[in-house]
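See below for the structure under consideration.
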Amino acid sequence: MSTSLPAPQDAVHGLYRDHHGWLDGWLRRKLGNACDAADLVQDTFVRVLRHRAELAMVREPRAYLTTIAKRLLLNHYRRRSLEQAYLEALAALPEPRAPSPEQRLLILEALHEIDAVLHALPQRVREAFLLAQLERMPYEDIAQRLNVSVRTVQRYIVQGYEQCILATS
């Protein structure tokens, strides 16, 4: 007795069967690393699974997979860049002040979460928020730099805080 999968699962199965090897090769060439490529292939298909109802509209499966994989690849590079900057900052600390491996992992996880929150903000909101928080720049100077009103800068800062609060709740 054969059981058939519902249409969306059939589509995912077919997409995986027909394009997994190709996508893995494409990502290996991009990354030069089989392990990271395999992780990103799996992450790509997890995204496909989450949006499997949309597969009926996909006319170019490789273009669809490439679009998802490119977004994941950008996130991968952004994470690596953040990790590298953190490791360089750690290397500059004197040995007794350096955090333990467990603390390093917790800090890296927190940095990734902060990065994701900031990345979710519109570019101008993110820029205003970072100028205010990291550079301690007055709102008037931010407004001038971004060529917006001080009131708009205030709204941007509130948006930034709201995003941070939502991320912690």
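The values are calculated or read from the model by the stated rules, or taken from the named source; none is laboratory data. As the structure is a prediction and not an experimental result, all values here were calculated from the model. Cβ: placed from backbone, ideal geometry, glycine included. Neighbour counts: every protein chain shown. Ligands, DNA and RNA are excluded from the accessible area calculation, which covers all protein heavy atoms including side chains. Shrake-Rupley method; radii C 1.70, N 1.55, O 1.52, S 1.80 Å.
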So, first residue without any contact (Cβ under 8 Å) to a residue 60 or more places away in the chain and more than 18 Å from residue 32 (Cβ to Cβ) in segment 68-79, second residue of a type in the set (A, V, I, L, M, F, W, C) and surrounded by 14 or more Cβ atoms within 10 Å (Cβ to Cβ), Cβ within less than 8 Å, six or more apart or across chains; the pairs are 68/48
Taking residue 51 as the residue in question, decide whether it is touching a Leu at 6+ places or on another chain (Cβ under 7 Å) and either under 26 Å from residue 116 (Cα atoms) or at pLDDT below 95 (or both).
no
Check segment 155-162 and report whether any residue there is open to solvent by 40 Å² or more (accessible area, probe 1.4 Å) and either within 30 Å of residue 40 (Cβ to Cβ) or over 25 Å from the mean Cα position of the chain (by Cα) (or both).
no
Counted residues in segment 99-111 being part of a helix (DSSP H, G or I), open to solvent by less than 70 Å² (accessible area, probe 1.4 Å) and farther than 17 Å from residue 130 by Cβ come to 2
Any residue in segment 141-166 that's in a helix (DSSP H, G or I): show its pairings with residues that are open to solvent by 50 Å² or more (accessible area, probe 1.4 Å) and among the small types (Gly, Ala, Ser) at Cβ separation under 7 Å, as long as the two are six or more apart or on different chains.
143/149; 163/120
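Within segment 44-98, take every residue that is of a type in the set (Asp, Glu) and assigned to a helix (DSSP H, G or I) and give me the one that is surrounded by the most Cβ atoms within 10 Å (Cβ to Cβ).
The qualifying residue surrounded by the most Cβ atoms within 10 Å (Cβ to Cβ) is 83.
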Looking at segment 11-24, which of its residues are within 12 Å of residue 69 (Cβ to Cβ) and open to solvent by 20 Å² or more (accessible area, probe 1.4 Å)?
19, 20, 22, 24
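Condition check ((1) at pLDDT 90 or above; (2) within 23 Å of residue 119 (Cα to Cα)) across all residues:
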position	(1), (2)
20	yes, no
28	yes, no
46	yes, yes
70	yes, yes
79	no, yes
93	no, no
